[in-house]
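Asker: This is the structure I want to talk about, given as structure tokens.
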Amino acid sequence: MMDGWHRLRQTLAWAGLTPLLLACSPQASAPPAPSAGQVKPVAGAQMTYYAAARAAEQVSFGATPALVAELSQKGLAAWIDAQFALPASTAVSPSWVRYFDGNNEVASNRAGNVPVDQFWRRALTAPDQLRQRVAWALFQYIPVAQGQPNGQLQYYNMLINNAFGTYGQLLREVTVQPMMGWYLNNETNRPPSPECLGCTPNENYARELMQLFSIGVVQLNSDGSVIRDAGGKPRESYTQKDVEALARALTGWRNPWDTDPNGKMADFDQRMTPEPQAFFHDSTAKVVMGMPLAAGMSPDTELDAVIALLMQHPNVAPFVSLRLIQHLVTSNPTPAYLSRISAVFRNNGKGVAGDLRAVVKAILLDPEARAGDVPGQQSRQFGKFREPVQWLSALMRGLACSAPMYSTNGSTQWVVSPPGQPPNAPASVFSFYQATDRVPGSNLLAPEQKIVGTMEMNNRFGNLNWHLLDSNNPASASNRASSGCDLATPAALLQNDPGGFLDWVSQRWFRGAMPPTLRSKMALLMQAESWASGEEGALTMIQFALASPYFGAIR
């Protein structure tokens, strides 16, 4: 059986879509307005089908018929409020994940799959989709990389639990989370003293807390523009002296530990605690970015003072607001959009700074975010690349998949994820990309483009055929049974009602408004090709449609 990717490579040039597949850019023109009758209004709806489906892409891991219907009926503001009221969907870590035998390859492999398996299950089926999307946004710039599986899982649980709190509380929880303490070494951050010979402050976490998690390296205006000196040089947010002082302020924390048969492991679902011996914490007076930290504070009290200092910094509002706008709505927000959200970050209307509920709601309801609810109304520079995780999750949610897929190599299994964006394994503390990454040769922000390359596009064309339908793949039959993906419905439509199949694809992934050019090319391919089964044909054509720039950029 020829897989979908190789088949499509033979027909792309004939179909005339090769230029389209290479044009996936934030500057690509907006899809044309829907033809008459393509978008069916819902009686009594507060949002059109198109607007609700578009909002679903911003607030979830992918549109589903039920989600679009709910948004249509409630309207976006009421739907957001209902999401705020839902309990957090977090993962439970079984004891065999906590205490797996690191010397046993099968046990290690089984435990290592759990964090990413649990990520996909929540992305595909969790009712609190907005919370899950915000947690994923936070993780992408406040990450931990691969490590102890239970630690990964519990760190992500912490982000989920704090996604709708205040940013100051989030920073505090990140600081005392054992996985972060291990990952960026704050668990070994100690001042020199006669009682602790050889001890020295570890600056790793202190530096990243400022550089990557809160204020950045250069001073910013509320609209995100860089503040420069008289010579045009960007003004730095902090100096090396500030890093050193902040590292001293964060000394004296230790991870909680338990003992298991295979060695010492942290209780990653607990918080780090101050060392009982006072000499492990530097309690002398310090100055960080011109702000004094008084002498005599305990580790707990000084951490509160550090968080307050960061939350008072002018940079924190535009720094955080930009990243949340980018992950939820558009990579290249206008200065006015960013300035409006920064103002909400500073004050939610009740005198509270960093209220993530208020910030997220303001981002999603902002006029610039909603302008595209009317097709063709948004700026040509508006939108974002559909990053690999969100591309795959949107495809799977559209197919009603309820569980992730697995690949198998002998006794080793691993959860199927995009190779350029495994959700539990960013390459470093700098994550998958940086918020300031731009389109090559342009000044447009487009960070997601950095990881959408040739390998990713190859996967988009035919990867699911291999994992769900290929008899040569030993995991294929198991994935068909366990993932819950609905291939029967599109297969029956393709075989019995090709026009109905195109309507179905349009409703599921194109807001009921598939561009006429794409629709006509798909119709030609469907007439010219034959497949071993209706399921193979349907899945191949769906992947073909979703690999196009019309779906590759969220607008």
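Only the coordinates and a few stated rules stand behind these numbers; no lab work does. For clarity, every value in this text was computed on a predicted model and none was experimentally measured. Ideal geometry is used to build each Cβ from the backbone, glycine not excepted, and the neighbour counts take in all protein chains shown.
Asker: Cut-off under 18 Å on the C-alpha distance; same-chain residues fewer than 8 positions from K361 excluded. Which aspartates and glutamates are left, in chain and number order?
Answerer: Here the aspartates and glutamates satisfying the reach criterion relative to K361 are E57, E70, D81, D128, D373.
Asker: Dividing the Cα radius of gyration by the Kirkwood radius, what Rg/Rh value follows for the chain? Display every interim value, and only then the final one.
Answerer: Details: Rg = 24.8 Å, Rh = 25.0 Å.
The Rg/Rh ratio comes out at 0.99.
Asker: If the cut-off is 15 Å between C-alpha atoms, which aspartates and glutamates fall inside it for K241, apart from same-chain ones fewer than 8 positions away?
Answerer: Cα-Cα hits under 15 Å: E203, E208.
Asker: Using the basic label-point model (7 angstrom from Cα toward the beta carbon), what is the Q377 to K233 distance in nanometres?
Answerer: About 4.7 nm, to one decimal.
Asker: Suppose R0 equals 45 Å. What FRET efficiency, 1/(1 + (r/R0)^6) with r the Cβ-Cβ distance, do D486 and T436 give to the nearest 0.05?
Answerer: Calculated value: 0.65.
Asker: Can you list the residues, at least 5 places off or on another chain, whose amide H is less than 5 Å from the amide H of V288, using H built in the peptide plane?
Answerer: Residues meeting the criterion, in which the H sits 1.01 Å from N, are L293.
Asker: With the crude spin-label approximation of a point 7 Å out along Cα→Cβ, what separation in nm comes out for L444 versus K241?
Answerer: 4.4 nm
Asker: Which order do peptides 152-161, 61-70 fall in by mean Cβ count within 10 Å, highest first? Spell out each step's value before the answer.
Answerer: On the way: 152-161: 23.6, 61-70: 19.1.
Ranked from most to least packed, the peptides come out as 152-161, 61-70.
Asker: Shape of segment 435-539 from its Cα gyration tensor (a ≥ b ≥ c, root eigenvalues): rounded if a/c is under 1.5, otherwise prolate when a/b > b/c, or oblate?
Answerer: oblate
Asker: Here's something else I'd like to know. Report the full-extension gain for the segment S108 to D81: residue separation times 0.36 nm, less the Cα-Cα distance, to one decimal in nm.
Answerer: 5.6 nm
Asker: Spelling out what I want: for every residue of segment 409-418, take phi, set θ = phi - 60°, compute 6.51 cos²θ - 1.76 cosθ + 1.60 (Karplus), and round to whole Hz; glycine and proline get x.
Answerer: Taking θ as phi minus 60°, the curve returns 9, x, 8, 9, 10, 8, 6, 5, 9, x Hz for segment 409-418.
Asker: Right, here's the next one. Taking R0 as 41 Å, what FRET efficiency do you get between D304 and M457 from their Cβ-Cβ distance, rounded to the nearest 0.05?
Answerer: The computed FRET efficiency comes out at 0.30.
Asker: Please work out whether segment 277-423 counts as rounded, prolate or oblate from its C-alpha gyration tensor, where a ≥ b ≥ c are the square roots of the eigenvalues and a/c under 1.5 means rounded, while otherwise a/b larger than b/c means prolate and anything else oblate?
Answerer: Oblate, since a/c reaches 1.5 and b/c is not below a/b.
Asker: Stretched out fully, how many nm does the piece from E529 to W96 gain, at 0.36 nm a residue minus the Cα gap?
Answerer: Going from the current span to full extension adds 151.1 nm.
Asker: For E195, put the label point 7 Å out on the Cα→Cβ axis and report which residues of segment 297-317 keep their amide N under 16 Å from it.
Answerer: Under cut-off, by backbone N: 297-300.
Asker: Right, next: Express in nm, to one decimal, how much length is gained between A278 and T517 on full extension, taking 0.36 nm for each residue of separation and deducting their alpha carbon distance.
Answerer: 79.0 nm
Asker: Let me ask something else. Give me the one-decimal nm value for the distance between modelled label points at A69 and K350, 7 Å along each residue's Cα-to-Cβ direction.
Answerer: About 3.4 nm separates the two model spin labels.
Asker: What's the exposure ranking of C199, C485, going from fewest to most Cβ atoms within 10 Å?
Answerer: C199, C485
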